[in-house]
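Asker: Sharing a structure here in structure tokens format.
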Number of protein chains: 2
Amino acid sequence: MKLTSLKDGGRDGTLIVVSRDLSTAVQVANIAGTMQAALDAWSEVEAGLRSTYDMLNDGRLEDAFALDPAALAAPLPRAYQWCDGSAYLSHAELVRKARGAEMPESLYVDPLMYQGGSDTMQGPRDDIVLADPDWGLDLEAEIAVITDDVPLGTSVDQAVDHIKLITILNDVSLRLLMPAELAKGFGFFQSKPSTAFAPVFVTPDELGSAWNGRRLALPIMSHVNGELLGAPNAGDDLDFDFATLIAHATKTRSLGPGTIVGSGTVSNRNRLAGSSCLQERRMIEKIETGEFKTPFLQYGDTVRIEMFDPQGRTIFGAIEQKVVRP
Amino acid sequence: MKLTSLKDGGRDGTLIVVSRDLSTAVQVANIAGTMQAALDAWSEVEAGLRSTYDMLNDGRLEDAFALDPAALAAPLPRAYQWCDGSAYLSHAELVRKARGAEMPESLYVDPLMYQGGSDTMQGPRDDIVLADPDWGLDLEAEIAVITDDVPLGTSVDQAVDHIKLITILNDVSLRLLMPAELAKGFGFFQSKPSTAFAPVFVTPDELGSAWNGRRLALPIMSHVNGELLGAPNAGDDLDFDFATLIAHATKTRSLGPGTIVGSGTVSNRNRLAGSSCLQERRMIEKIETGEFKTPFLQYGDTVRIEMFDPQGRTIFGAIEQKVVRP
């Protein structure tokens, strides 16, 4: 099943069910008006949504309409909880080297997670509004899962059952604001502006054998200005899987429904796979040639992030964003 | 005007208007069903809520009922954005000294702010559920403001007009999880479990001359097991006021309505004022006597946080929490 939200309908948008090929959609106000409402009552609404999805795929719904990606908000336009991990240590090692920061030994045994801001999620075609081109704007292509209610002290094994939906996202980052902000000791705030999401969330069954309950083993493709930046496989070199990240997040708290748990930038140790952010490519350039070559994103630049199934069909649709002035 | 939410009514509770003396309340479903709904449409609903408040205070509402603090959720039971500052540097200096961390020079010119988790806010009488008594459980008494929509790049002067509501809170902290978590470089996650809030949010006019548009100049009283821990004046030694904190938060993003912006632990340089958390008292003991004496919170301990106006009347009602096992 594939779900998302129209921008139309207010701050929380309007929940729609989307066909498997992303060509058509239908409103489901009689089941749940918004994505949050669906997640708040997932066990009650899932069957009805799935039934609608089956009929939509079969072309049996008269009120189905053509899906316009530009009309979409983030599938969850504002969320109550956005926990972003940094579960590919290959990425952490490279970007820390790039900003001259150390790699604590604890990162190899204890998942790194930061608290993201979630009040203004961006849709798949929303512009990236950049106030200052000198802030070092970068993309970060990631996988994320969306949970139902997760109790305090959930184990890794228990966490698997709380993963209800999966998506990809662009964790927009301002690299040149990070060193000063992180030096203050309390993590990111200004250096992580609003995150952008793929057109749809999908249920795990849509991923077939690429999803093993804890990780998604497919390449995530990132393009900048039409040029391939990388297509690392999200199933490789994942040091902490989603069940482990969820268990980490619930050590001292419960999680509300609609919690988004991110993988951090997808990164493979095999450099032929390329990168999911510019900072990694820059650091590799620096290591290999002695200097940074690739610039950060500038006004007018475009970013595209997408994932295809083994048959070459898009799963989540594409994130396509352009960098603009305020 | 004073507003809050009943636990009853679902995950977002039920919005109620509360009388100035906190004795009675009334539902306002015809105006807004939840606190978030009111904040989403503040300019349209404010007049109606104020009119209800006036009638409630005058005893003219037949459907008014006695207010039971135990029936209250957090005024905003789950929020989309919780930005917590650390605006009293006296506190930052003491707790950093306590954990052997440095005080970067930048903290004296650039506000420190971290991204809080906001999906499971606690009500004023909710227990603090502590899984492990060795985590170093502590209270932190703070002031917070709640905003409407705040655009990207809002100036300090513009920020003043976006402050719609004010409250006090207990930013529950796990001191002994902090050193390892902060060493990873991305700030708090496990060491900041769910925050608890006072019974009500109030509009700025309720604070009279104690509120100057940017800071609240009254003592915030914290008790542990009935003993006074401190009553520092929130208007003194505030190094970054709320307008400055909001401007800081909007440097790279907009803020959604219902954003909560916290002051960080209220702390005065005058040690006779006492402390708003145990860690400060412990550090002062260490400095003065060579050893920590006051323990962190244990099962069965109680915390009370409250603020009174110059006439001795409670403004927000009391946060009263007990520490319990899961």
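The values are calculated or read from the model by the stated rules, or taken from the named source; none is laboratory data. What you see is a predicted model; the values in this text were computed from it and never measured. Here Cβ is always computed from backbone atoms with ideal geometry, including for glycine, and neighbour counts include all displayed protein chains.
Asker: For the range A:101-119, which residues satisfy the criterion of being more than 7 Å from every other protein chain (Cβ to nearest Cβ) and either closer than 18 Å to A:Gly258 by Cβ or of a type in the set (A, V, I, L, M) (or both)?
Answerer: A:Met103, A:Val109
Asker: Follow-up question, since we're still on this one. Report yes if B:Val109 is at pLDDT below 95 and out of contact with any helix residue (DSSP H, G or I) (no Cβ under 8 Å at 6 or more places or on another chain), otherwise no.
Answerer: So B:Val109 passes the test.
Asker: All but one of (1) within 10 Å of chain A (Cβ to nearest Cβ); (2) on the phi < 0 side of the Ramachandran plot hold for B:Glu140; state the number of the condition that does not hold.
Answerer: Condition not satisfied by B:Glu140: (1).
Asker: While we're on this one: Could you figure out which of (1) at pLDDT 95 or above; (2) more than 12 Å from every other protein chain (Cβ to nearest Cβ); (3) more than 17 Å from the chain's Cα centre (by Cα) isn't true of A:Gly153?
Answerer: Going through (1) at pLDDT 95 or above; (2) more than 12 Å from every other protein chain (Cβ to nearest Cβ); (3) more than 17 Å from the chain's Cα centre (by Cα) one by one, A:Gly153 breaks only (2).
Asker: Same structure again: Among the candidates B:Ser263, B:Ser254, which residue alone is away from every other protein chain (no Cβ under 14 Å), crowded, with 18+ Cβ neighbours inside 10 Å and not β-branched (Val, Ile, Thr)? Can you show your working first?
Answerer: Values: B:Ser254 fails: away from every other protein chain (no Cβ under 14 Å).
So the residue among B:Ser263, B:Ser254 that is away from every other protein chain (no Cβ under 14 Å), crowded, with 18+ Cβ neighbours inside 10 Å and not β-branched (Val, Ile, Thr) is B:Ser263.
Asker: Output the residues belonging to the range A:156-187 that are among the hydrophobic types (A, V, I, L, M, F, W, C) and more than 14 Å from chain B (Cβ to nearest Cβ).
Answerer: A:Val156, A:Ala159, A:Val160, A:Ile163, A:Leu165, A:Ile166, A:Ile168, A:Leu169
Asker: Can you tell me how many residues in the range B:279-326 are surrounded by 12 or more Cβ atoms within 10 Å (Cβ to Cβ) and closer than 27 Å to B:Ala73 by Cα?
Answerer: Going through the range B:279-326 one residue at a time, the tally reaches 23.
Asker: Now, a different point. Quick one: in the range B:73-96, of everything that is within 11 Å of chain A (Cβ to nearest Cβ) and of a type in the set (Ser, Thr, Tyr), which residue is farthest from B:Ala217 (Cα to Cα)?
Answerer: The qualifying residue farthest from B:Ala217 (Cα to Cα) is B:Tyr80.
Asker: Considering only helices (runs of 4 or more DSSP H) fully contained in the range A:11-127, which possess at least 3 residues that are surrounded by 19 or more Cβ atoms within 10 Å (Cβ to Cβ) and not assigned by TED's automatic domain parsing to the domain that holds A:Asp171?
Answerer: On the way: elements: A:35-40, A:42-57, A:89-98.
Hits in the range A:11-127: A:35-40, A:42-57.
Asker: In this structure, is A:Val303 in a strand (DSSP E or B) and among the β-branched types (Val, Ile, Thr)? Full working, then the answer.
Answerer: Details: in a strand (DSSP E or B): yes; among the β-branched types (Val, Ile, Thr): yes.
In short, yes.
Asker: Return yes when B:Pro295 is over 18 Å from the mean Cα position of the chain (by Cα) and either of a type in the set (A, V, I, L, M) or in a loop (DSSP other than H, G, I, E, B) (or both) and no when it is not.
Answerer: yes
Asker: May I pose another question? Say whether the condition of being among the aliphatic types (A, V, I, L, M) and either free of Cβ contacts under 8 Å to residues at least 60 places away in the same chain or more than 27 Å from B:Pro77 (Cβ to Cβ) (or both) is met by at least one residue in the range B:255-271.
Answerer: For the range B:255-271, residues among the aliphatic types (A, V, I, L, M) and either free of Cβ contacts under 8 Å to residues at least 60 places away in the same chain or more than 27 Å from B:Pro77 (Cβ to Cβ) (or both): absent.
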